[in-house]
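J.: Structure in structure tokens, see below.
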Amino acid sequence: MERSAPAAEEPGARILIVDDDPGIRDAISEFLGRHGYRVDEASDARSMELVLQRGPVDLIVLDVMMPGEDGLSICRRLAGQPGGPGIVMLSAMGEDTDRIVGLELGADDYLPKPCNPRELLARVRAVLRRRQEPRSSEDGVGASCEFSGWRLDLVRRELRSPQGVIVNLSSGEFSLLRAFVERPQRVLTRDQLLDMARGPDTEAYDRAIDVQISRLRKKLEDGSGAEIIRTIRNEGYMFSPKVTRQS
């Protein structure tokens, strides 16, 4: 059974809470609603789809353990959709391995349950902020850029392969790739990448960047064998190709 929380006087982004525990849904919905978000609730995958049929959402707070289709399966399905919502996963299983699985499937962030509502709010804000980044930066990257035959459209948030195939990116992967193309052929530490791609106020961890880079590398494979993202031992990572910027 899904229901909408009362909208704030000045509605902000639309957020969908998907959790089979009505107490958790209500608590998160009430808290985020008080901070200006339009919030919908769903108890499972089926009711989630009913909410999505009414219009797109900006972000989904998604529980892992649910009856029927679980959160990991939902995450995998939604993360593969172009222009899909941001995803913050919640799980009673707080081990790093569980977080890594969620990130590998395309989640933008992952919090163990029970979580502090203020921490969840900070993560939600960070994900939404990354998805609404300005279309240009202080470094002068234009509306799009090209590297090794690839084209990254910063306005459409679209990556196109040398063969012209669109490669779907989660918002976290897009933010990380953008951080790289803005600073090509420079060694970037994990801490720098965390700040650039996830925001300086996030409480992420080094392994999260390693997971995102591993996913990004797989998506940038075109059969040429070129190493686009190099690992610099004991230092960090470097984006190897020359980047051509276009307005």
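J.: Antiparallel DSSP bridges in the stretch 3-131: what percent, to the nearest 5?
T.: Working: 2 of 20 bridges.
If we restrict to bridges inside the stretch 3-131, about 10 percent are antiparallel.
J.: Sticking with this one: Would you order Ile166, Ile100, Ile209 from fewest to most other beta-carbon atoms within 10 Å of each residue's own beta-carbon? Each step should come with its number before you reach the end.
T.: On the way: Ile166 13, Ile100 16, Ile209 24.
Taking fewest neighbouring Cβ atoms as first place, the list is Ile166, Ile100, Ile209.
J.: What are the residues whose amide H is under 5 Å from the amide H of Leu16, where those residues sit 5 or more places off or on another chain and H is modelled from the backbone?
T.: Asp40, Leu59, Ile60, Val61
J.: Please list, in order along the stretch 73-78, the HN-Hα scalar couplings obtained from phi with the Karplus expression 6.51 cos²θ - 1.76 cosθ + 1.60 (θ = phi - 60°), rounded to whole Hz, x for Gly and Pro.
T.: Values, residue by residue: 5, 4, 4, 4, 5, 6 Hz.
J.: Sticking with this one: Show the residues, 5+ positions off or on another chain, whose built amide H is closer than 5 Å to the amide H of Gly106.
T.: none
J.: Among 57-67, 229-239, 26-36, what's the highest-first ranking by average C-beta atoms within 10 angstrom per residue?
T.: Working: 57-67: 21.3, 229-239: 14.3, 26-36: 17.3.
Taking the mean over residues of other Cβ atoms within 10 Å, the ranking is 57-67, 26-36, 229-239.
J.: Starting at the first residue of the stretch 100-107, write each ³J(HN,Hα) from the Karplus equation 6.51 cos²θ - 1.76 cosθ + 1.60 with θ = phi - 60°, in whole Hz, x for Gly and Pro.
T.: 4, 4, x, 5, 5, 7, x, 5
Coordinate-derived values only; no laboratory data. On a predicted model such as this, the values are computed, not experimentally measured, just so you know. Every residue, glycine among them, receives a Cβ derived from its backbone with ideal geometry; neighbour counts consider all protein chains shown.
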